[in-house]
1. Which one is farthest from residue 70 (Cα to Cα) among residues in segment 100-119 that are within 21 Å of the chain's Cα centre (by Cα) and hydrophobic (A, V, I, L, M, F, W, C)?
2. Which residues, counting only those in segment 213-250, are buried (at least 18 other Cβ atoms within 10 Å of the Cβ), aliphatic (A, V, I, L, M) and closer than 24 Å to residue 58 by Cα?
3. Residue pairs, Cβ under 9 Å, 6 or more apart or interchain, first in segment 189-208 and surrounded by fewer than 18 Cβ atoms within 10 Å (Cβ to Cβ), second among the hydroxyl-bearing types (Ser, Thr, Tyr) and not in a helix (DSSP H, G or I). List them.
4. Could you please let me know if residue 265 is basic (Lys, Arg) and touching a residue at least 12 places away in the same chain (Cβ under 8 Å)?
5. Under 7 Å by Cβ, and 6 or more places apart or on different chains, what pairs join a residue from segment 248-260 that is within 15 Å of residue 23 (Cα to Cα) with one that is among the small types (Gly, Ala, Ser)?
6. Kindly indicate which of 124, 41 is under 30 Å from residue 26 (Cα atoms) and either touching a residue at least 24 places away in the same chain (Cβ under 8 Å) or surrounded by 15 or more Cβ atoms within 10 Å (Cβ to Cβ) (or both).
7. Quick one: what pairs do we get from segment 147-162, first residue under 16 Å from residue 112 (Cα atoms), second among the small types (Gly, Ala, Ser) and assigned to a helix (DSSP H, G or I), C-beta under 6 Å, 6+ apart or different chains?
8. Looking only at residues in segment 1-23 that are small (Gly, Ala, Ser) and out of contact with any strand residue (DSSP E or B) (no Cβ under 8 Å at 6 or more places or on another chain), which one is nearest to residue 200 (Cα to Cα)?
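Here, each number is a calculation from the coordinates, and none is a lab measurement. Computed from a prediction, not measured in an experiment: that's the story for all the values here. Backbone-built Cβ (ideal geometry, glycine too); neighbour counts: all protein chains shown.
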Amino acid sequence: MRLKLSLNTATARKQWTLAQIIDGCARHDIRGISPWRDQVAQMTLSKAQKAIAANSLTVTGLCRGGFFTAPDWRDDNRRAIEEAATLGARCLVLVVGGLPSGSKDIEKSRSEVYEGIAEILPEARKAGVPLAIEPLHPMQAAERACINTLEQALDICEELDEADTSAQCALGVALDVYHVWWDPKLEAQVKRAGKRILAYHLCDWLVPTRDLFNDRGMMGDGVIDLPKIRRWVEGAGYAGFDEVEIFSELDWWKRDPDEVLETCKERHLRCT
């Protein structure tokens, strides 16, 4: 039996506004949604919250906080925590940031990420917003995220949040198959993660990949062994939503969004 489906709004962001995506999820009986902050801002936070609640959708995550190596990260992350709390998001996803312009010191960037998360964690705890570190594929280490493996993310979690993992963690991970499927340590690290898995993102890795950022595949169209990773994730105790997140400049962003949502539902049942 599959977990309930959530739509990361990036999957239809080029065709629909957030208001249209909320309506589309309701019409297609997709019960979860994970919006991006720029889309929320365009709709306004108040209107987004009311529309999501009116359609009885679960906010599985808010994308995104992080970028702790940027100069303005403190104020932006405080706003992100407030927005996640208002929306009732199950977590705030952290894309942690890469190397500042001109830097070649990735270890320094990783230290700054650690210190940044440590600084905002008390505020997130107070607001009741779990933080989910999302390790990104190494191809994005320089520009977007210098935390690139689940192991690295969990090391930070365990050092900064010693909470009993039988309860909800204040600090965990967002596990995106696109970014971690290749990792030879993945099975062991998923088991280690346990209840720290706060979000599970689905898509596929295409061969060839024509654009490393905006050419993700629909589940079943690529080379990721999705059923195997699912077994690991569920075996670790994850019982949240399956969240489809597809950036697809050359394919799915060009299609009728109703077709996209229907395909997400069908592939979720058949291919994952």
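1. The residue in question is 118.
2. Within segment 213-250, 218, 219, 226, 229, 233, 236, 244, 246 qualify.
3. Sorted first by the residue in segment 189-208, then by its partner, the pairs are 194/165; 194/166; 194/238; 195/165; 195/166; 195/238.
4. Yes: the conditions hold for residue 265.
5. Note: pairs meeting the criteria are 257/12; 257/24; 258/24; 260/12.
6. Values: 41 fails: either touching a residue at least 24 places away in the same chain (Cβ under 8 Å) or surrounded by 15 or more Cβ atoms within 10 Å (Cβ to Cβ) (or both).
Every option except 124 fails the conditions.
7. 147/153; 160/118
8. 12
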